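Undergrad: Following this message is one structure expressed as structure tokens.
The values are calculated or read from the model by the stated rules, or taken from the named source; none is laboratory data. Because the structure is predicted, anything quoted here is derived from the model rather than measured. Here the Cβ positions follow ideal geometry from the backbone for every residue, glycine too, while neighbour counts run over all protein chains shown.
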Amino acid sequence: MKIIVTIKQVPEANKVAVNPKTGTLIREEVESILNPFCEYALDMAVNLKIQNPDLKVEIIVISMGPPQAKSALLRCLELGADKAYLFSDRAFAGSDVWATSLTLKEGILKKIGNFDLILAGKQAIDGDTAQVPAELAENLGIPHVYYGFDVEIVKKRINVKKETEKGYQVIEVRLPALVTISKGPSSIRRLPSMRDIIEARKKPIEIIDAKSLNMSEKRIGLNGSFTQVVKIFSPPIKEAGEIIDGNDSVNAAEKLFMFLKEKKIV
Amino acid sequence: MLQINVENCTGCKICEQACPYGAIIIDPETKKAKVLDNCTLCGSCINVCRYKALSIKRVMIPLENLKNFKGIIIWGELENKNGQLQFKKVVYELLGKALELNKEINEPISVVVLGPPRISALIDELFYYGADIVYLCEHELLQEFSNDGYTTVLTTIIIDKKPSIVLYGATIKGRELAPRIAARLNLGLTADCTGLSINKQKQLVQTRPAFGGNIMASILSPYTRPQMATVRPNTFSKIKLKQPKKCQIEKISVKLEKQSIRTKIIEEISSKTELINIEDADILISVGRGIGSKENIKLIYELAQELKGIVSSSRALVELGWTKHPIQVGQSGKTVSPQLYIALGISGAIQHLVGMQTSDIIVAINSDPEAPIFKVADFGIIGDLFEIIPQFLKLCRKNKESSL
Ligand SMILES: Cc1cc2nc3c(=O)[nH]c(=O)nc-3n(C[C@H](O)[C@H](O)[C@H](O)COP(=O)(O)OP(=O)(O)OC[C@H]3O[C@@H](n4cnc5c(N)ncnc54)[C@H](O)[C@@H]3O)c2cc1C
Ligand SMILES: Nc1ncnc2c1ncn2[C@@H]1O[C@H](COP(=O)(O)O)[C@@H](O)[C@H]1O
């Protein structure tokens, strides 16, 4: 059984901020990390591999991104993936959701071929869009289930526990299918051992450019994107509120009461 | 590709600081900007460059070709509340926004409603909030939401009606449905918008937060129609008209086969406490790790009862298993925007702030004066919540007695 995990390398969000005076971004040594939700998706794949030894699960991680994204793929290999593909080309830059999903689709069809299951992260923390997986599924012509937190393989189908607004649903779907993962498997996660780290370096990471995917310039990157970012700016800054010392709790409670009374809440 | 006009570049380094990916640097030798391989063409650098030294070549298509598309379509998402079907609040918020956009474009506003037979009684309300037309699609197989079924019906309507704009709530369902439709129709889609406006070229300007809310990006779909966006609940206001618009309902006959819906719901679990939707609450009392133990949350419920509010929480408590995910506020939980948000023992990590910072009034109690939650608070108390809340409850009760 082939499980594909789509992963993205992202800048650590907490460290990106806007300088209120100049309106420019302040990056203090922004580190690139494996998007946490993609890591959950990988954990889910590894869990399925462990639980279904008879299915001979092969885990293939793929990413579209700059050459640096190789390190995120390497981390996936350390965490239990078997093989990695990086679709990397200057011409892919500027891809929006559509162009990204199309490139991933071509990559999957041309380099991997048949597969049984695709696991993706619920969202990438840089863009927070959560849209690439559904577009990828549609482009591949397979069904998708979002917000899975548990996946069970039952013959040619899977049962996915899916978060809903009110609790959860169990969704049954035939393979091949795509599932996005919002939370890792509950089993304790294992940190890569020294041996995993050494083994990972022997596993293949193939880097593939636009030409090998036989994609025309018009369909990739900025040219192939339907949406375009025209402006980036800092969010409006809120005026500072009133902050009081609460050491004298009686006094603080009174002030809070007065504040809420003014606002007609109490 | 990002193009650098070397003649204009002064080597001022502003672009270097502006790039979220570290993909543009000032070459130490030439003292001019240089693009690295990891440039994503996001455009952050172009906006900050004061010397017009940076540009991206974009393909453009004549706007004339897009003129055949007219009208704003809103997906009228239904929810089941205590056994009763009703529209989600965001549907009315989208109508309110559409009325505003219409000051610039003046096109018909329609709502598409998908559901089981006999839902027509619900739709009269929509005409009070700005709908000109309601497209009604009733079918047994639309009783339960499915990506396959809903995509098929909505795409047929979009192809037939040729709107210029289609809007969806960025709800759990909206976020998985909209991209499927966008991919089927080969359209651009902007997710999770918090701002929408119309520019001089009559294009839809879609503004959304990125990087956990640290920066905002304005996005266009210059050459595809309709322009599609999902919009965060609780960001726009609904507008009730004095007079409802003339009721125009068009029933759409739906052809749908059971086997074309590839997912099957085999179990549905919801617990009583989770039935409360924190997105709709006017007052939220939100609790974080500062509460110390699961038992102590009782105190928060007491406060919620006193203020007629609903309890929500940070992700830390969900991870500890003290509260459940449906009441989690933040990036990986829900976006809320109540009249009053009281944060108790919540540090205010960026992932939490993005989910609540548009609340009307924010009150925070935290023992750490450096806690980032104070940056967004309208009223903050640096102190121990276990000291202050009981005192506050006393005051509330005294106040009630005296007003009796
Ligand atoms: C990808 C990703 C997504 C995330 N999504 C979310 C999300 O959706 N929502 C979310 O909330 N978080 C999210 N987080 C986690 C977030 O980064 C924080 O870890 C989390 O919000 C912290 O919760 P907290 O404020 O309750 O706990 P802490 O950060 O531990 O803060 C507890 C606070 O309580 C105060 N305190 C302690 N005792 C008292 C007392 N007696 N009286 C008053 N104050 C007291 C402390 O000073 C402290 O500030 C996400 C993280 C990642 C990486
Ligand atoms: N460039 C990419 N390469 C591989 N997978 C991606 C890429 N972008 C997004 N994804 C996948 O789609 C998920 C959601 O991303 P997004 O739609 O960008 O929020 C991620 O967690 C990944 O699994």
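Undergrad: Within region B:338-349, identify whether any single residue is farther than 19 Å from B:ILE300 by Cα and not small (Gly, Ala, Ser), and answer yes or no.
TA: No: region B:338-349 contains no residue that is farther than 19 Å from B:ILE300 by Cα and not small (Gly, Ala, Ser).
Undergrad: Write out, first by first residue and then by second, each pair whose Cβ atoms fall under 6 Å of each other, whose residues are 6+ apart or on separate chains, and whose first residue, in region A:110-135, is closer than 21 Å to A:TYR85 by Cβ and within 14 Å of chain B (Cβ to nearest Cβ) while the second is hydroxyl-bearing (Ser, Thr, Tyr) and near ligand 2 (Cβ under 7 Å from one of its atoms).
TA: As it stands, the answer is A:ALA120/A:THR6; A:ALA120/A:THR180; A:VAL132/A:THR100; A:PRO133/A:THR180, since those pairs meet every condition given.
Undergrad: Hey, another quick one. Scanning for something crowded, with 21+ Cβ neighbours inside 10 Å and on the phi > 0 side of the Ramachandran plot, does region A:97-117 turn up at least one residue?
TA: No.
Undergrad: Before we move on, is A:LYS49 without any contact (Cβ under 8 Å) to a residue 60 or more places away in the chain, basic (Lys, Arg) and away from ligand 2 (no atom under 11 Å from the Cβ)?
TA: So A:LYS49 fits the description; yes.
Undergrad: Follow-up question, since we're still on this one. Within region A:114-141, count every residue that is away from ligand 2 (no atom under 15 Å from the Cβ) and touching a Leu at 6+ places or on another chain (Cβ under 9 Å).
TA: Adding up the residues that qualify gives 1.
Undergrad: Continuing with this model, one more query. Could you say whether any residue in region B:293-306 is modelled with pLDDT of 90 or more, buried (at least 22 other Cβ atoms within 10 Å of the Cβ), within 16 Å of ligand 1 (Cβ to nearest atom) and within 14 Å of another protein chain (Cβ to nearest Cβ)?
TA: There is no residue in region B:293-306 that is modelled with pLDDT of 90 or more, buried (at least 22 other Cβ atoms within 10 Å of the Cβ), within 16 Å of ligand 1 (Cβ to nearest atom) and within 14 Å of another protein chain (Cβ to nearest Cβ).
Undergrad: Quick check: anything in region B:236-257 in contact with a helix residue (DSSP H, G or I) (Cβ under 9 Å, 6 or more places away or on another chain), more than 10 Å from chain A (Cβ to nearest Cβ) and under 29 Å from A:GLY148 (Cα atoms)?
TA: Checking region B:236-257: at least one residue is in contact with a helix residue (DSSP H, G or I) (Cβ under 9 Å, 6 or more places away or on another chain), more than 10 Å from chain A (Cβ to nearest Cβ) and under 29 Å from A:GLY148 (Cα atoms).
Undergrad: If you don't mind, there's one more thing I want to ask. In region B:169-195, how many are part of a strand (DSSP E or B) and either among the hydrophobic types (A, V, I, L, M, F, W, C) or within 11 Å of chain A (Cβ to nearest Cβ) (or both)?
TA: 6
Undergrad: May I pose another question? Could you please find all residues in region A:165-207 being outside any helix (DSSP H, G or I), of a type in the set (Val, Ile, Thr) and without any contact (Cβ under 8 Å) to a residue 12 or more places away in the chain?
TA: If the condition is that a residue be outside any helix (DSSP H, G or I), of a type in the set (Val, Ile, Thr) and without any contact (Cβ under 8 Å) to a residue 12 or more places away in the chain, then A:VAL170, A:ILE188 are the ones that fit.
Undergrad: Considering every residue within region B:356-376, establish whether at least one is buried (at least 19 other Cβ atoms within 10 Å of the Cβ) and either away from chain A (no Cβ under 11 Å) or charged (D, E, K, R) (or both).
TA: Yes, the conditions are met somewhere in region B:356-376.
Undergrad: Moving to a separate point now. Could you pull out the residue among B:GLU100, B:GLU93 that is in the same structural domain as B:ASP192 (by TED's automatic domain parsing) and either in contact with a Pro (Cβ under 9 Å, 6 or more places away or on another chain) or crowded, with 17+ Cβ neighbours inside 10 Å (or both)?
TA: Step by step, each of B:GLU100, B:GLU93 is checked, and only B:GLU93 is in the same structural domain as B:ASP192 (by TED's automatic domain parsing) and either in contact with a Pro (Cβ under 9 Å, 6 or more places away or on another chain) or crowded, with 17+ Cβ neighbours inside 10 Å (or both).
Undergrad: So which residues in region A:208-234 are part of a helix (DSSP H, G or I) and of a type in the set (Asp, Glu)?
TA: A:GLU217
Undergrad: Okay, next question. Out of (1) within 16 Å of ligand 1 (Cβ to nearest atom); (2) of a type in the set (A, V, I, L, M); (3) closer than 30 Å to B:ILE46 by Cα, what's the single condition that is false for A:ILE181?
TA: (3)
Undergrad: Among the residues of region B:56-79, which ones are within 13 Å of another protein chain (Cβ to nearest Cβ) and at pLDDT 85 or above?
TA: Once the filter is applied, which keeps residues that are within 13 Å of another protein chain (Cβ to nearest Cβ) and at pLDDT 85 or above, region B:56-79 yields B:GLU77, B:LEU78, B:GLU79.
Undergrad: Output the number of residues of region B:391-404 satisfying the condition of being within 8 Å of chain A (Cβ to nearest Cβ) and out of contact with any Ser or Thr (no Cβ under 7 Å at 6 or more places or on another chain).
TA: Count: 5.
Undergrad: Next question. Can you spot a residue in region B:131-139 that is under 26 Å from B:ILE239 (Cα atoms) and facing chain A (nearest Cβ under 10 Å)?
TA: Scanning region B:131-139 turns up no residue that is under 26 Å from B:ILE239 (Cα atoms) and facing chain A (nearest Cβ under 10 Å).
Undergrad: For region B:245-258, check the following and say yes or no: at least one residue is within 30 Å of A:LEU260 (Cα to Cα), out of contact with any Leu (no Cβ under 6 Å at 6 or more places or on another chain) and away from ligand 2 (no atom under 16 Å from the Cβ).
TA: No, there is no match, as no residue in region B:245-258 is within 30 Å of A:LEU260 (Cα to Cα), out of contact with any Leu (no Cβ under 6 Å at 6 or more places or on another chain) and away from ligand 2 (no atom under 16 Å from the Cβ).
Undergrad: Moving on to the next point. Only residues that are more than 15 Å from A:LEU119 (Cβ to Cβ) and touching a Pro at 6+ places or on another chain (Cβ under 9 Å): list them for region A:31-76, please.
TA: Selection gives A:GLU31, A:SER32, A:ILE33, A:ARG75.
Undergrad: Continuing with the same structure: Collect the residues in region B:250-269 that are in a loop (DSSP other than H, G, I, E, B), of a type in the set (Val, Ile, Thr) and within 21 Å of A:ALA177 (Cα to Cα), keeping them in residue-number order.
TA: Within region B:250-269, just B:ILE261 meets the criteria.
Matching residues to (1) within 16 Å of ligand 2 (Cβ to nearest atom); (2) in contact with a Leu (Cβ under 7 Å, 6 or more places away or on another chain):
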position	(1), (2)
A:LYS161	no, no
A:ARG174	no, no
A:LYS203	no, yes
A:LEU222	yes, yes
A:VAL230	no, yes
A:PHE233	no, no
A:ALA240	no, no
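Undergrad: Has region B:274-287 got at least one residue that is within 16 Å of ligand 1 (Cβ to nearest atom) and either touching a Cys at 6+ places or on another chain (Cβ under 7 Å) or more than 14 Å from chain A (Cβ to nearest Cβ) (or both)?
TA: Yes, region B:274-287 contains a residue that is within 16 Å of ligand 1 (Cβ to nearest atom) and either touching a Cys at 6+ places or on another chain (Cβ under 7 Å) or more than 14 Å from chain A (Cβ to nearest Cβ) (or both).
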